[in-house]
Each structure stands twice: as C-alpha cells, then as structure tokens.
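Heads up: the structure comes next, in structure tokens.
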Amino acid sequence: MIPVCRIEDLPEGESVRIEIDDVTPAIAVFHAEGGYYAIDDTCSHQDAALSDGWVEGCFVECPLHAALFDLRTGAPTCLPARRPVRTHEVSVLDGMIHVRPAVREEAVA
C-alpha cells in the first residue's frame, strides 16, 4: 500500500495525483460521494490528466475532450473515450488514504 495523504487533505470533489516511479503510470485519487477512488490518471482517449478533470457524483470528466469516466469502475460513459481506465484499491487506515496499485494489465470494461 502506498500512502497518499491524510483524509483532511483531500476535500470532497477534489483529487490528488500520485507518481510512484518512472515505470508505473500516475494514479489519480478522488474523494467523491463520501468515498475514495483511484484510477489511472491518463485518459484512455488521449493524453490528458484526469486528476485535472471535473468531478460530479462518482464521475470525472476529462479536461481535454469531456469524456466521462465512472470512478468506481473506470468505465467510460460517453465518447470520445471507448476504453476504460484501470482502477486501484483504496483504503483508509488511521486517517491516512492508501492506494494499492493494480497489477499492470489492460483495464476491463
């Protein structure tokens, strides 16, 4: 598990980007609808940081072409994105948000 930040440092509707190493893709961690979600930070349509997107409910809108992704599943809900982004396990331990990066493989819709 990788520590991300304290829960008070990630307000509802906000996100934080974490970079693990030079090989692992960046991860965006979101606080939405009272829960914490983590997905790959790069839109599956084009190279844009989803952590810079707009959060509404459990969805994030890509800031580049407005593709919408479900934070719970990584699935796109509208074009131009057709492929899901990978999701990652999130847990809160002693007030600290942690992420366990998923095994590196293609996202499944």
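Against the condition in a strand (DSSP E or B), surrounded by 19 or more Cβ atoms within 10 Å (Cβ to Cβ) and of a type in the set (Val, Ile, Thr), how does residue 92 come out, does it pass? Full working, then the answer.
On the way: in a strand (DSSP E or B): yes; surrounded by 19 or more Cβ atoms within 10 Å (Cβ to Cβ): no; of a type in the set (Val, Ile, Thr): yes.
Judged against the criteria, residue 92 is not a match.
Could you look through segment 39-97, keep only residues that are within 12 Å of the chain's Cα centre (by Cα) and among the basic types (Lys, Arg), and pick out the one that is nearest to residue 28 (Cα to Cα)?
Per the stated criteria, the residue is 86.
If you take the residues in segment 15-34 that are without any contact (Cβ under 8 Å) to a residue 60 or more places away in the chain, under 17 Å from residue 1 (Cβ atoms) and more than 11 Å from the chain's Cα centre (by Cα), which one is surrounded by the most Cβ atoms within 10 Å (Cβ to Cβ)?
Once the filter is applied, the top-ranked residue is 19.
Does at least one position in segment 47-63 carry a residue that is touching a residue at least 12 places away in the same chain (Cβ under 8 Å), touching a His at 6+ places or on another chain (Cβ under 7 Å), of a type in the set (A, V, I, L, M, F, W, C) and in a strand (DSSP E or B)?
Looking for residues that are touching a residue at least 12 places away in the same chain (Cβ under 8 Å), touching a His at 6+ places or on another chain (Cβ under 7 Å), of a type in the set (A, V, I, L, M, F, W, C) and in a strand (DSSP E or B), one finds none in segment 47-63, hence no.
Can you give me the number of residues within segment 1-18 that are modelled with pLDDT of 95 or more and in a loop (DSSP other than H, G, I, E, B)?
Count: 5.
Filter segment 73-89 for residues that are closer than 15 Å to residue 48 by Cα and either touching a Cys at 6+ places or on another chain (Cβ under 8 Å) or among the hydroxyl-bearing types (Ser, Thr, Tyr) (or both); which is surrounded by the fewest Cβ atoms within 10 Å (Cβ to Cβ)?
Among residues in segment 73-89 that are closer than 15 Å to residue 48 by Cα and either touching a Cys at 6+ places or on another chain (Cβ under 8 Å) or among the hydroxyl-bearing types (Ser, Thr, Tyr) (or both), the one surrounded by the fewest Cβ atoms within 10 Å (Cβ to Cβ) is 81.
The values are calculated or read from the model by the stated rules, or taken from the named source; none is laboratory data. Computed from a predicted model, the values in this text were never measured in an experiment. So basically every Cβ, Gly included, is an ideal-geometry build from the backbone, and we count neighbours across all protein chains shown.
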